[in-house]
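K.L.:
Supplied in structure tokens, the structure appears directly below.
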Amino acid sequence: MIAIVGAGPAGISAAETLRRKTNLPITIFSAEKCPPYNPAVLTTYLKTGGDEIFWKGKDVFERLNVDARIGEKVEKLDAKRKKITTEIGDYEFEKIIVASGSRLYAPLKGLDLPNVYNFKSLTQVRELRSKIVRGECKKAVVVGGGFQGTEIALTLREIGIDVTLLEATDRIMPERLDKKASKFVEKVLEDKGVELVFNSFGTEFAADSSGVCKAVVTENGEEFPGDVFVAATGMIPNVDFCKEELDTAKGIVVNEFMETSQKDIYACGDVCETKNRVTGERGVFANYWNAVRQGKIAALNALGYKIPYEGSDVINSLKKLGFHFIVAGDVSGNNYQEVEDRGNYWRFYVKNGRLVGYIIVGDISNAGIFYRIMVSGFDIGRFGKPLFTLKDSDFASFSTKFKYQQSHHHYR
Ligand SMILES: Cc1cc2nc3c(=O)[nH]c(=O)nc-3n(C[C@H](O)[C@H](O)[C@H](O)COP(=O)(O)OP(=O)(O)OC[C@H]3O[C@@H](n4cnc5c(N)ncnc54)[C@H](O)[C@@H]3O)c2cc1C
């Protein structure tokens with residue numbers, strides 16, 4: 001018997017892989033009371049309310065013939081006994097795959113107040129959508145100008161809501177962009193009518209006398225009033241139920257086979273810490289495709305295969321701008337080459353003759369090529385021409401086989 005904790009992209013990928021290979025009983029525990037959904041399209045759901053959020057179909061558990069324990073949150077893991085405890089009971093398994101993902105991390109007071117939402121839960125986004133549909137939302141304040149906060153702000157604007165976006169630093173997506181790159185995004189936000197407030201550190205969602213949130217208060221005492229508030233300040237791995245049993249650092253520590261520190265227990269997705277496939281650095285590399293690949297590897301190895309994980313990609317693709325915007329790999333420091341051409345922008349970070357990161361704004365026709373060059377560690381000097389002019393045919397003259405044929409820039 002095999003258990004999977006969590007029915008997000010990693011858990012579902014693990015379940016699909018297991019079922020392809022075995023008839024063994026599979027049990028999947030899922031804390032949220034709804035069919036499995038893809039968090040990467042929650043902003044689309046906010047707008048449409050459509051069933052595409054259930055990207056594997058609402059009947060996925062029946063199709064996979066798994067015992068789905070929906071709404072049954074795992075409260076404790078006993079690693080030695082391979083025992084899972086929920087509020088309903090105890091269960092023992094032969095193998096356990098932990099795919100419990102991440103939840104909102106927000107160092108602000110008042111998170112539980114009515115009118116405060118986050119995009120780490122479909123239930124929350126449904127409530128926000130209902131409020132919008134009822135016409136009870138004219139003004140929103142989004143706290144956090146990272147990828148998700150930016151996408152949420154743009155979506156709310158598309159719906160016709162006035163939006164203020166508060167960001168603690170001086171730029172959008174501060175962990176990935178410098179001010180120059182941020183400007184591409186800032187311009188779109190401003191053109192679309194999002195009020196951008198930089199250097200504004202939200203400390204509290206403040207309630208009125210009826211106990212409902214009415215404003216975000218910042219460190220310097222400013223108040224930003226609204227009808228709804230969204231916290232988009234970061235994420236933290238869901239390890240509460242297992243952190244005493246499994247080694248954790250930034251997330252659950254796994255080896256290249258997605259094995260945790262305890263025998264027969266595997267982890268995958270946003271809950272675990274893996275290796276960056278380009279730099280080797282360890283961290284939680286939260287994106288859809290990493291979660292899916294890890295889920296697959298964890299499942300295969302739980303079945304006795306010995307398949308190593310190649311490492312995680314660090315790729316963010318910002319949606320809703322009206323043009324493509326991709327940030328990949330290590331984009332830190334000032335050591336880069338850049339090209340601007342007819343509204344498109346490419347920036348390449350090269351270390352020791354190797355492409356380690358890039359930013360693309362606009363034309364992504366060569367994105368797959370850049371990705372392959374980056375992950376294969378190819379010596380870019382061998383091309384003898386600028387990276388942004390490369391075409392697939394340029395590879396034909398080199399004997400090196402590119403290991404990674406697929407570009408995973410897009411999760412759909
Ligand atoms: C708003 C938003 C936009 C995003 N956009 C993109 C994008 O454009 N591209 C991209 O690649 N990625 C995007 N991501 C990231 C991507 O969605 C995540 O990396 C991916 O969902 C990780 O999958 P996961 O299965 O590891 O974790 P999760 O999706 O977090 O799923 C974990 C599941 O485990 C359940 N769970 C947690 N604790 C327990 C417990 N104790 N017991 C039982 N069940 C439990 C949770 O309820 C949840 O269903 C976005 C994420 C968000 C929130």
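The values are calculated or read from the model by the stated rules, or taken from the named source; none is laboratory data. Remember, it's a predicted structure, so these values are computed and weren't measured experimentally. No Cβ is skipped: glycine too gets one built from the backbone with ideal geometry, and neighbour counts run over all protein chains shown. The area values use the complete protein model at the heavy-atom level, side chains included, leaving out ligands, DNA and RNA. Shrake-Rupley method; radii C 1.70, N 1.55, O 1.52, S 1.80 Å.
K.L.:
Please compute the net charge surrounding K296, taking Lys and Arg as +1 and Asp and Glu as -1 over other residues with Cβ under 10 Å from its Cβ.
P.N.:
Counting the neighbours of K296, the net charge comes to +1.
K.L.:
Placing unit charges on C-beta atoms (Lys and Arg positive, Asp and Glu negative, everything else neutral), compute the dipole magnitude of region 323-397 about its Cα centre in debye, rounded to 20.
P.N.:
Computed charge dipole of region 323-397: roughly 160 debye.
K.L.:
Also: Give me the distance between the Cα centres of region 78-148 and region 215-268, rounded to whole Å.
P.N.:
One Cα centre to the other: 11 Å.
K.L.:
Along the three principal axes, how long is region 97-249 when you take its alpha carbons, biggest first, rounded to the nearest angstrom?
P.N.:
Its Cα atoms span 49, 43, 30 Å along the three principal axes.
K.L.:
Also, quick follow-up: Run the reach check for K391 against lysines, Cα to Cα strictly under 23 Å, same-chain hits fewer than 8 apart removed. What comes back?
P.N.:
K351, K401, K403
K.L.:
Where Lys and Arg each count +1 and Asp and Glu each count -1, what net charge lies around E136 among other residues with Cβ under 12 Å from its Cβ?
P.N.:
Net of charged neighbours comes to +3.
K.L.:
Additional query: Between E151, E259, E92, which gets the highest mean-square fluctuation from a Gaussian network model of the chain, Cα cutoff 10 Å?
P.N.:
So, out of E151, E259, E92, the one fluctuating most is E92.
K.L.:
While we're here: Out of N301, F348, N366, whose Cα points farthest toward the positive end of the dipole of region 294-376 (charges: +1 Lys, Arg; -1 Asp, Glu; placed on Cβ)?
P.N.:
Result: N301, furthest along the dipole toward the positive end.
K.L.:
Just the number please: accessible area per residue for the chain, 1.4 Å probe, all protein chains included, in Å².
P.N.:
44
K.L.:
Follow-up. Rg and Dmax in Å for the chain, alpha carbons only: what are they?
P.N.:
Radius of gyration, then largest Cα-Cα span, for the chain: 22.2, 72 Å.
K.L.:
Further, regarding this structure: Along the charge dipole of region 38-197, Cβ charges K/R +1 and D/E -1, which of L46, Y91, Y105 sits furthest on the positive end?
P.N.:
Farthest towards the positive pole: Y105.
K.L.:
Of all the accessible heavy-atom surface of the chain, with the other protein chains kept in place and a 1.4 Å probe, what percent is carbon and sulfur?
P.N.:
48
K.L.:
Let me know the charge dipole size of region 136-213 about its Cα centre in debye, to the nearest 20, where only the beta-carbon of Lys, Arg (+1) and Asp, Glu (-1) is charged.
P.N.:
280
K.L.:
Identify which of E32, E340, E195 has the largest mean-square fluctuation in a Gaussian network model of the chain, with springs joining Cα atoms closer than 10 Å.
P.N.:
Looking only at E32, E340, E195, the biggest GNM fluctuation is shown by E340.
K.L.:
With runs of 4+ DSSP H residues as the only contributors, calculate the mean residue ellipticity of the chain at 222 nm using -39,500 (n - 2.57) per run, divided by the residue total and rounded to the nearest 500.
P.N.:
Taking each H run of at least 4 residues, the total per residue is -6500 deg cm²/dmol.
K.L.:
Place +1 on the Cβ of every Lys and Arg and -1 on the Cβ of every Asp and Glu in the chain, take the dipole about the Cα centre, and give the residue among L122, F378, P35 whose Cα lies farthest towards its positive end.
P.N.:
After comparing all options, I get F378.
K.L.:
Then there's this: Cα gyration tensor of region 232-277, axes a ≥ b ≥ c as square roots of the eigenvalues: rounded (a/c below 1.5), prolate (a/b > b/c) or oblate?
P.N.:
oblate
K.L.:
If you don't mind, there's one more thing I want to ask. Which of the three applies to region 323-397, rounded, prolate or oblate, going by the alpha-carbon gyration tensor with a ≥ b ≥ c and a/c under 1.5 meaning rounded?
P.N.:
Because a/c hits 1.5 or more and a/b fails to exceed b/c, region 323-397 counts as oblate.
K.L.:
Kirkwood Rh over alpha-carbon pairs of region 41-166, then Stokes-Einstein at 4 °C and 1.567 mPa s: what D in µm² s⁻¹, rounded to an integer?
P.N.:
75
K.L.:
A follow-up question, please. Let's see if you can work this out: charge +1 on each Lys and Arg Cβ, -1 on each Asp and Glu Cβ, no other charges. What is the dipole magnitude of the chain about its Cα centre, in debye to the nearest 20?
P.N.:
That gives a dipole near 1260 debye.
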